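Here the structure comes first, spelled out in structure tokens, and everything after it is commentary.
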Ligand SMILES: [Zn+2]
């Protein structure tokens with residue numbers, strides 16, 4: 001697909017692991033990256049972002065943000081913002097920790113960086129596969 005630009009801060013394009021959301025400007029820690037807008041749903045989907053108890057939002061941009069265990073953005077649930085957790089450089093992909101934000105992942109998967117099962121934070125630990133120490137870049 002063609003790159004989709006969302007001025008001033010980001011572009012959705014093909015990354016290493018399929019589509020991702022990339023920053024087109026340097027952003028400082030604490031900065032709002034964008035505010036999610038979209039349909040509210042009661043149950044999580046592959047693309048929804050949780051913003052409360054049984055509250056999920058389907059946002060065109062957020063639906064493309066990939067998971068990382070060392071995230072550089074996080075969800076501000078009440079305000080529906082994505083916020084920078086650290087300074088982010090132009091060209092970096094933004095990623096958030098699905099396990100931190102989501103109670104339940106609609107389509108659980110194994111994280112490529114650490115082999116942890118990403119399924120949401122309320123699942124019992126004993127169901128996770130053996131975890132090796134992650135080496136995050
Ligand atoms: Zn990981």
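None of the figures in this text is laboratory data; all of them are computed from the coordinates on show. Remember, it's a predicted structure, so these values are computed and weren't measured experimentally. Cβ placement follows ideal geometry from the backbone for every residue including glycine, while neighbour counts extend to all protein chains displayed.
In terms of the mean number of neighbouring beta-carbon atoms within 10 Å, the peptides 68-76, 81-89, 38-46 order highest first as 68-76, 81-89, 38-46. Just want to confirm a number: the relative contact order over segment 4-127, from Cα pairs under 8 angstrom separated by 6+ residues, in percent. Relative CO of segment 4-127 lands at 24 percent. Going from the residue with the fewest nearby Cβ atoms within 10 Å to the one with the most, 35, 28 rank 28, 35. As a rough guide to protection, the peptides 105-113, 47-55 ranked by mean Cβ packing within 10 Å, highest first, stand as 47-55, 105-113.
Over all projection directions, the Cα-based convex hull of segment 4-127 averages an area of 7.3 nm².
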